[in-house]
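Read through the structure below, which is laid out as structure tokens, and then see the notes.
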Amino acid sequence: MAGQALWHAIMLLFAAAWLIPLLWMLRNAFLPKDASIGAGWSWNFTLDNFSRVWQGAPFGQYMWNTLLVTSGIFAVQIVTLTLAAYAFARVAFVGRHIVFMLFLVQIMVPSDVLIFSNYQIINELGLLDTKIGIMLPYFASAFGVFLLRQAFKQLPYELDEAARVEGCSSLGILLRIYIPLSKPVYLSFAIVSISFHWNDFLWPLIVTNSPENRLLTVGLAMFAKSTEAGAQWTDVSAATLIVTAPMLIGFMLFQRQFISSFMHSGIKG
Amino acid sequence: MNTRWNEKLRRNGFGWGLVLPSLLFLGMFTYYPMLKSAWLSLFEQNLAVRTPVFVGMDNYKALLHDPVFIEVFRNNIWFAVGTVPVSMALAFVMALFADKAIRGKGLVRIAFFYPNMIPMIAAASIWLFLYMPQFGLFARFASWFTGSEVNLLGNPDTVLGSLIVMTVWKEAGYFMIFYLAGLQQIPKDLYESASVDGIGVWTQQLRITIPLTMPTTLFVTVVAITNAFKWVDHLWMMTKGGPDHASSLLLYYIYETTFSFNDQGMAAAMTVVMIVLLLVISCFQFAGWERQIHYQ
């Protein structure tokens, strides 16, 4: 029993240690500027940092851009991956094993590694500094295809046949049976895809160079770099909080769904 | 005969039509860039040589003699060695705790997983302050130990270690999720019968939990190693690879070579090296998947 209590205490201590960066950020985000540099501990509280940050950089615009880009990517992905997953799960076409192997390549070589050539391609297409340029490389997701194919394969064939007897076309079956029955998988993929693109930095940094098209992560990096180190870290903390809040709040509210979707996608991906 | 041909043709057309949209985007942004990198890596093209000159394997030979590349490669190996085992061990222990119906497990899950939900660039900006000399919490802690003021990110000896600590913090919770899933697949009656036989808790972990989560461990190892070669955002924010390349990693060096030095041939050659490296690591993943199937 003593061992159990000790083990308990150690784990909670670890959890507490893990929360330090978050608490540190929260504290600084609400701390008056001069108090953060002072030597002592301060319990003062202010919202000035947020209003200053909001005026210092167009974070509203950045947030809108991020929302647009992440939902745009997801919307197109849904279409491309549903079609491909259905083909791999239920259509016996010639060469599908080879194509399937080709899809594997994208999982093994993520686009982060290909930034150099992808930048040139976006440049040749004349799409530098556009939102579509940020989104384009992610319109197909081999990972999502694998995830969904697995789900489609687990649906009983009898459903398929019954619908076909009723005179339903292949696409009709896909729309009326496969998609509705795979909702949890779509939700999992949505969480993984949206959190990934919400947090992505290097690619949006390279592609964009004007505030109109900048995403939250890039905006935060620019803002943090432009401030003088140390003196304005309350501002940077407030900006960091603005950028991380949507994902953090979403995670706190739907902790179970988040964790189970990551479990789901990780193991079967 | 004719109708069968028709059916076949229709089915193939349908199948290919369905994969075509995905294939188009994958072709444009995965296969084509890969081939293009391989092709460009055979040419010299930089600020001095504007029109590409075919040089064969010279770029690769130059990489082998580039002291910075070698240092960056070595850094990346150390980065992997430092982050992978520690974050995995922590993840395993945390999962053991969070899996059982113990009070406080919800808090542990949240505390451990939230770093994964925030962008690396935001994590980097928080940790930049934690490490800031004089004011940063961890910097104060470190100087309390050493007795003198320390600049953790400004010193070539401590910078990589400091970034490893941050990465472990960021990643451990992600791996915990996989272990949580792995633990759920172990039949509970195994533990019950072990307890009945008088086998202690420690021995149970050693004999039951660790062997039965082996497939998960294999899978997580590959993901963790791959990630160790992909993390780069924090360098942009915290150190720019410095001081004196002490914290630079492969992908960041590719980024620098491309966008700061404009050396396309070398950037292409390094991209190819990265691709080969990732493909080799991924091959282990397939071996892992095979194992997982055997276990089920």
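The values are calculated or read from the model by the stated rules, or taken from the named source; none is laboratory data. If you're wondering where the values come from, they're calculated on a predicted model, not measured in any experiment. Every residue, glycine as well, gets a Cβ built from its backbone with ideal geometry; the counts of neighbours run over all protein chains shown. Please note that ligands, DNA and RNA were not included when accessible areas were found on the heavy atoms of the full protein model with its side chains. Shrake-Rupley method; radii C 1.70, N 1.55, O 1.52, S 1.80 Å.
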Only one of A:SER182, A:SER260 is among the polar types (S, T, N, Q) and more than 10 Å from chain B (Cβ to nearest Cβ); which?
A:SER182
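Residue by residue, here is whether (1) closer than 30 Å to B:ASN46 by Cβ; (2) at pLDDT 90 or above; (3) open to solvent by less than 20 Å² (accessible area, probe 1.4 Å) holds:
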| residue | (1), (2), (3) |
| --- | --- |
| B:LEU249 | yes, yes, yes |
| B:GLU256 | yes, yes, no |
| B:THR271 | yes, yes, yes |
| B:VAL276 | yes, yes, no |
| B:PHE284 | no, no, no |
| B:GLU290 | no, no, no |
| B:ILE293 | no, no, no |
Complete set of residues in region A:248-258 that are under 17 Å from B:LEU180 (Cα atoms) and within 14 Å of the chain's Cα centre (by Cα)
A:PHE258
Provide a single number: the residues in region B:13-62 that are assigned to a loop (DSSP other than H, G, I, E, B) and either aromatic (Phe, Trp, Tyr) or surrounded by 13 or more Cβ atoms within 10 Å (Cβ to Cβ) (or both).
7
Residues in region B:217-241 that are open to solvent by 10 Å² or more (accessible area, probe 1.4 Å) and over 16 Å from the mean Cα position of the chain (by Cα): how many?
4
Which condition does A:GLU158 not pass, out of (1) more than 10 Å from every other protein chain (Cβ to nearest Cβ); (2) within 30 Å of A:GLY126 (Cα to Cα), if it passes all the others?
(2)
Output yes when any residue across region B:160-168 is within 12 Å of chain A (Cβ to nearest Cβ), surrounded by fewer than 20 Cβ atoms within 10 Å (Cβ to Cβ) and part of a helix (DSSP H, G or I), and no when none is.
yes
Hits in region A:41-96 (condition: exposed (fewer than 15 other Cβ atoms within 10 Å of the Cβ) and of a type in the set (A, V, I, L, M, F, W, C)):
A:TRP41, A:TRP43, A:PHE45, A:LEU47, A:TRP54, A:TRP64, A:ALA75, A:VAL79, A:ALA92, A:VAL94
Residue that is most open to solvent (accessible area, probe 1.4 Å) [pool: residues in region B:169-192 that are under 14 Å from the mean Cα position of the chain (by Cα) and facing chain A (nearest Cβ under 10 Å)]
B:TYR174
The condition of being among the polar types (S, T, N, Q) and more than 10 Å from every other protein chain (Cβ to nearest Cβ) holds, among B:THR209, B:THR216, B:THR226, B:THR258, only for B:THR209
Among the residues listed as B:ASN116, B:ASN76, the single one being more than 9 Å from every other protein chain (Cβ to nearest Cβ), in contact (Cβ under 8 Å) with a residue 40 or more places away in the chain and open to solvent by less than 40 Å² (accessible area, probe 1.4 Å):
B:ASN76
Filter region B:79-98 down to residues that are β-branched (Val, Ile, Thr) and farther than 26 Å from B:LEU251 by Cα, then give me how many there are.
1
Does any residue in region B:213-228 that is under 13 Å from B:LEU277 (Cα atoms) come within less than 8 Å, Cβ to Cβ, of a residue that is open to solvent by 10 Å² or more (accessible area, probe 1.4 Å) and among the β-branched types (Val, Ile, Thr) six or more places away or on a different chain, and which pairs are these?
B:VAL222/B:ILE281; B:ILE225/B:VAL84; B:ILE225/B:ILE281; B:THR226/B:ILE281; B:ALA228/B:VAL84
For region B:229-255, name all the residues that are more than 11 Å from chain A (Cβ to nearest Cβ) and assigned to a helix (DSSP H, G or I).
B:TYR253
Of these, A:ILE249, A:ILE191, A:ILE177, which one is among the hydrophobic types (A, V, I, L, M, F, W, C), open to solvent by 20 Å² or more (accessible area, probe 1.4 Å) and touching a residue at least 40 places away in the same chain (Cβ under 8 Å)?
A:ILE191
Would you call B:GLN205 in contact (Cβ under 8 Å) with a residue 60 or more places away in the chain and at negative phi?
yes
What do you reckon, is A:TRP203 under 25 Å from A:ALA84 (Cα atoms), aromatic (Phe, Trp, Tyr) and at pLDDT 90 or above?
no
Any residue at all in region B:193-201 that is β-branched (Val, Ile, Thr), within 12 Å of chain A (Cβ to nearest Cβ) and open to solvent by less than 50 Å² (accessible area, probe 1.4 Å)?
no
Looking at A:MET108, A:MET101, can you tell me which residue is over 17 Å from A:HIS197 (Cβ atoms), open to solvent by 20 Å² or more (accessible area, probe 1.4 Å) and at the interface with chain B (Cβ under 7 Å from one of its Cβ atoms)?
A:MET108
Just need a number here: residues in region A:194-218 that are over 15 Å from A:TYR138 (Cα atoms) and either assigned to a loop (DSSP other than H, G, I, E, B) or more than 10 Å from chain B (Cβ to nearest Cβ) (or both).
8
The one condition B:GLY106 fails out of (1) open to solvent by 50 Å² or more (accessible area, probe 1.4 Å); (2) in a helix (DSSP H, G or I); (3) at the interface with chain A (Cβ under 8 Å from one of its Cβ atoms); (4) not basic (Lys, Arg) is (1)
